[in-house]
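*Asks:* Can you keep this structure in mind? I'll have questions shortly.
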Amino acid sequence: MSATNPTTEDTSLTRRLAELAEQHPEKPAIIFASLAGDERAVTWAELERRSNQLARLLADRGVGGDSTVVGAVWNSPELILFTLAAWKLGALVLPLRAILPPRERDAILELAQPVLVLAEWDSELWPVIRPQELDAAAGYADEALPEAPHPGKAIGSGGSTGRPKLILDPAWNPVTARNNRRLGTQPGQVQLLAAPLYHNSPWLQSFNGLADDHTLVVMEKFDATRAADLIERYRVSYAYLPPILMRRLALLPDFWERDFSSFDAMHSSAAVCPVWLKQVWIDRLGAEKVYEVYGSAEGIGATIIRGDEWLKHRGSVGRSTNCEIHILDEEGNPLPPGEVGEIYFRRVDGTTPTFHYEGAPPVRTTADGFASLGDLGWLDADGYLYIADRRVDMIVSGGANVYPAEVEAALSEHPGLADVAVIGVPDEEWGRRVHALVQPHDPANPPSVTELNAHTRERIAAWKAPKTYELVPELPRNEAGKIRRADLAAARQNGWIEGMLRVRE
């Protein structure tokens, strides 16, 4: 097989799935853990047969090699089968959150122009098929289909500004991508799918895993106790866990008594992992089993760090895997190690990023080919990258730069808090005031402002600490741990907020 010119046979998902079904027809390909509490398996033979039948049903609904379909349901065997069936026809699949607000959902669908949408909601604009309607595929032939070129991947995003866009990469193929072993993956692992498939990392890892003969233990929605039970029962050996899910597991009362000895590796991305939380998982699994990735769906560049390397560069997201990294100031001038600026990547492996956008302006680029996704950070003397925050989320308070992620990491260590978000709000004295929205574990007995203030100032400089706090019943964080700070800030632009408590200096 040529690394630069693979044949259709080498890269055919249709052929790969058929091979695995023939090798071990009764082995589980998927174990589904539903919200209702039941668990059911889909064998490799069943996965092959049902995806072939479903592909023929989709073809009768107008799906083909030049079309796009949307999967807008929660994690389920039906979503996975729908995706594999569409790919067998050569159709592009866009995963989408099941409960997006209609306005945002419709804006993304307008960009995608799908010929079919798998969803539990109705639409006057787009053809919708409900999950239970997929059962009609049982009446179709189940033999293998002709091999079709893989269409790549599509990921939808509202972006940090809320403007919808699609990130399309025609080059991605799970059959070839499965050979990337930089995150501790191996053939035949048992992989926990705990995060939602509409995000890039779980999408990549899950389908790369299926192509690598993984058994996917699929959670319809995440629950920490249930996840720990599944890890133990099915001897999970690999998992992608964003920091929000790592934290929820780590806060289980019996976290240290659970049997996680089956793990070969786990990795995080989506948000920078707080130092204390990374240390907990290193202590729990062993440093050589804990990985972190910094990158994007665009594939402009990435960094990777393993736990043993991280212990020597605490807080870093690693060194480049396939790119040069520049840290530039607002005028585009290079900054020395240790100084915070905007992070720019340029590929150095002889290739160029293959993604393109629909519905969004291009990324910021320099004349010599470096591109930025809007994050701020710095390099140390050894070339290890550290993330400060999103450029649009930085708070300029009293003329000083405050990075919300740093403040959130400090607050997140408090055992009385279930979640926290930090934003900047208008202030007559400071220009922008550092404001923390905190979700207590026990709403009836939340930590006091005095307690939170003392806790925070033990960990970061006093001028970075929140000057006001707001108790909230829940933060609008998605299952991958992402939150739009800009939306929270926009809702708090007009003066004092009910429930806000000010720190007394």
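The values are calculated or read from the model by the stated rules, or taken from the named source; none is laboratory data. If you're wondering where the values come from, they're calculated on a predicted model, not measured in any experiment. Glycine also receives a Cβ, built like all others from the backbone with ideal geometry; neighbour counts cover every protein chain displayed. Surface areas here come from the heavy atoms of the whole protein model, side chains and all, with no ligands, DNA or RNA. Shrake-Rupley method; radii C 1.70, N 1.55, O 1.52, S 1.80 Å.
*Asks:* Where residues in the stretch 260-283 are over 23 Å from THR215 (Cβ atoms) and among the charged types (D, E, K, R), which of them is surrounded by the most Cβ atoms within 10 Å (Cβ to Cβ)? Walk me through how you get there before you give the answer.
*Replies:* Quick first cut of the stretch 260-283, residues over 23 Å from THR215 (Cβ atoms) only: 270-280, 282-283.
Now drop any that are not among the charged types (D, E, K, R), which leaves 278, 283.
Values: LYS278: 23, ASP283: 12.
Selected residue: LYS278.
*Asks:* Which of the residues that make up the stretch 377-393 are touching a strand residue (DSSP E or B) at 6+ places or on another chain (Cβ under 9 Å), in a loop (DSSP other than H, G, I, E, B) and either surrounded by fewer than 18 Cβ atoms within 10 Å (Cβ to Cβ) or at positive phi (or both)? It would help to see each step written out before you state the result.
*Replies:* Pass one, the stretch 377-393, residues touching a strand residue (DSSP E or B) at 6+ places or on another chain (Cβ under 9 Å): 377-380, 382-393.
Retained after the next criterion (residues that are in a loop (DSSP other than H, G, I, E, B)): 380, 382-384.
Selection gives ASP380, ASP382, GLY383.
*Asks:* Now for a different question. When the stretch 441-474 is examined, which residues are found to be in contact with a Leu (Cβ under 6 Å, 6 or more places away or on another chain) and not β-branched (Val, Ile, Thr)?
*Replies:* PRO446, TYR469, GLU470
*Asks:* Additional query: Here is a list: GLY188, GLY159. Which entry is on the phi > 0 side of the Ramachandran plot and at pLDDT below 95?
*Replies:* Among GLY188, GLY159, only GLY159 is on the phi > 0 side of the Ramachandran plot and at pLDDT below 95.
*Asks:* How about the stretch 284-301: which of its residues are crowded, with 22+ Cβ neighbours inside 10 Å, β-branched (Val, Ile, Thr) and assigned to a strand (DSSP E or B)?
*Replies:* Correct list: VAL290 only.
*Asks:* Based on what the data block shows, is ARG226 in a helix (DSSP H, G or I) and without any contact (Cβ under 8 Å) to a residue 24 or more places away in the chain?
*Replies:* On the way: in a helix (DSSP H, G or I): yes; without any contact (Cβ under 8 Å) to a residue 24 or more places away in the chain: no.
Taking the combined requirement at face value, the residue does not satisfy it.
*Asks:* How many residues, within the stretch 168-183, are open to solvent by less than 10 Å² (accessible area, probe 1.4 Å) and touching a strand residue (DSSP E or B) at 6+ places or on another chain (Cβ under 6 Å)?
*Replies:* Qualifying residue count for the region: 0.
*Asks:* State whether one or more residues within the stretch 462-475 are closer than 23 Å to PRO243 by Cβ, outside any strand (DSSP E or B) and open to solvent by 70 Å² or more (accessible area, probe 1.4 Å). Break it down stepwise before answering.
*Replies:* Pass one, the stretch 462-475, residues closer than 23 Å to PRO243 by Cβ: 464-466, 469-475.
Applying the additional criterion that residues be outside any strand (DSSP E or B) yields 464-466, 472-475.
Now drop any that are not open to solvent by 70 Å² or more (accessible area, probe 1.4 Å), which leaves 473-474.
Yes, the conditions are met somewhere in the stretch 462-475.
*Asks:* Among the residues of the stretch 402-409, is any open to solvent by less than 10 Å² (accessible area, probe 1.4 Å), over 28 Å from GLU330 (Cα atoms) and touching a helix residue (DSSP H, G or I) at 6+ places or on another chain (Cβ under 8 Å)?
*Replies:* no
*Asks:* Provide a single number: the residues in the stretch 221-239 that are within 16 Å of the chain's Cα centre (by Cα) and open to solvent by 10 Å² or more (accessible area, probe 1.4 Å).
*Replies:* Residues in the stretch 221-239 being within 16 Å of the chain's Cα centre (by Cα) and open to solvent by 10 Å² or more (accessible area, probe 1.4 Å): 2 in total.
*Asks:* Can you find even one residue in the stretch 46-61 that is part of a loop (DSSP other than H, G, I, E, B), in contact with a helix residue (DSSP H, G or I) (Cβ under 6 Å, 6 or more places away or on another chain) and either farther than 22 Å from GLN189 by Cα or among the small types (Gly, Ala, Ser) (or both)? Spell out the reasoning first.
*Replies:* Just the residues of the stretch 46-61 that are part of a loop (DSSP other than H, G, I, E, B), to begin with: 61.
Filter once more, keeping what is in contact with a helix residue (DSSP H, G or I) (Cβ under 6 Å, 6 or more places away or on another chain): none.
For the stretch 46-61, residues part of a loop (DSSP other than H, G, I, E, B), in contact with a helix residue (DSSP H, G or I) (Cβ under 6 Å, 6 or more places away or on another chain) and either farther than 22 Å from GLN189 by Cα or among the small types (Gly, Ala, Ser) (or both): absent.
*Asks:* Which ones in the stretch 64-79 are open to solvent by less than 30 Å² (accessible area, probe 1.4 Å) and under 11 Å from LEU118 (Cβ atoms)? Break it down stepwise before answering.
*Replies:* Keep residues of the stretch 64-79 that are open to solvent by less than 30 Å² (accessible area, probe 1.4 Å), which gives 64, 67-73, 75-77, 79.
Correct list: VAL69, VAL70, GLY71, ALA72, VAL73, SER76, LEU79.
*Asks:* Please tell me if TRP87 is buried (at least 23 other Cβ atoms within 10 Å of the Cβ), modelled with pLDDT of 95 or more and over 16 Å from VAL217 (Cβ atoms).
*Replies:* Values: buried (at least 23 other Cβ atoms within 10 Å of the Cβ): yes; modelled with pLDDT of 95 or more: yes; over 16 Å from VAL217 (Cβ atoms): yes.
Taking the combined requirement at face value, the residue satisfies it.
*Asks:* Still on this structure, I have one more. Mind listing whichever residues of the stretch 325-365 are in a strand (DSSP E or B) and either buried (at least 18 other Cβ atoms within 10 Å of the Cβ) or at pLDDT 90 or above (or both)? Talk me through it step by step, then tell me what you get.
*Replies:* Initial filter on the stretch 325-365 (in a strand (DSSP E or B)): 325-328, 334, 341-347, 356-358, 364-365.
Selection gives ILE325, HIS326, ILE327, LEU328, PRO334, GLY341, GLU342, ILE343, TYR344, PHE345, ARG346, ARG347.
*Asks:* Test each condition in (1) open to solvent by less than 30 Å² (accessible area, probe 1.4 Å); (2) under 23 Å from the mean Cα position of the chain (by Cα) for HIS313 and report the one that comes out false.
*Replies:* With (1) open to solvent by less than 30 Å² (accessible area, probe 1.4 Å); (2) under 23 Å from the mean Cα position of the chain (by Cα) applied to HIS313, the lone miss is (2).
*Asks:* I've got another one for you. Which members of the stretch 63-89 meet the condition of being over 15 Å from GLN53 (Cα atoms) and not acidic (Asp, Glu)?
*Replies:* In the first step, residues of the stretch 63-89 are kept if they are over 15 Å from GLN53 (Cα atoms); the result is 65-76.
GLY65, SER67, THR68, VAL69, VAL70, GLY71, ALA72, VAL73, TRP74, ASN75, SER76 - these are the residues of the stretch 63-89 that are over 15 Å from GLN53 (Cα atoms) and not acidic (Asp, Glu).
*Asks:* Suppose we keep only residues that are in contact with a Ser or Thr (Cβ under 8 Å, 6 or more places away or on another chain) and in a loop (DSSP other than H, G, I, E, B) within the stretch 189-213. Which one would you say is nearest to LEU17 (Cα to Cα)?
*Replies:* Here the residue is ASP212.
*Asks:* Pairs needed: first member in the stretch 250-266, assigned to a strand (DSSP E or B); second member anywhere, among the charged types (D, E, K, R); C-beta distance under 7 Å; at least 6 residues apart or different chains.
*Replies:* Pairs that qualify, where the first residue is assigned to a strand (DSSP E or B) and the partner is among the charged types (D, E, K, R), are ALA265/LYS289; MET266/LYS289.
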